[in-house]
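Each reported figure results from applying straightforward, stated rules to the coordinates on display, with no laboratory input. As the structure is a computational prediction, the values presented were derived from the model and not from experiment. FYI the Cβ positions are ideal-geometry reconstructions off the backbone, even for glycines, and counts take in every protein chain you see.
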């Protein structure tokens, strides 16, 4: 497990963590010290599959529960 934390809240919380976002946003040569101090490794590439929210809510009979389950926070945040 990369962050040392389990998925929480039925998988709603898994990528929102300083080890992930610090690795993405950290600037080589400028943030190396603070990243090393906190055990954050640089991340050079992000590949995500976003949830199909638009297609889900466009379906006839889509429930509020289905719509909410297809709201993606972590993926777009990493992009």
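General remarks:
- Residue check for residue 34: assigned to a helix (DSSP H, G or I) and loosely packed, with under 13 Cβ neighbours inside 10 Å: yes
- Cβ-Cβ contacts under 6 Å between residues 6 or more apart (or on different chains), taken from a first residue in segment 57-79 that is closer than 30 Å to residue 44 by Cα to a second residue that is in a helix (DSSP H, G or I), are listed as 70/53; 70/56.
- Evaluated against (1) under 17 Å from the mean Cα position of the chain (by Cα); (2) not in a helix (DSSP H, G or I), residue 19 falls short on exactly one condition, (2).
- Checking each residue in segment 37-67 for being surrounded by fewer than 10 Cβ atoms within 10 Å (Cβ to Cβ) and not in a loop (DSSP other than H, G, I, E, B) picks out 37, 54, 58, 64, 65.
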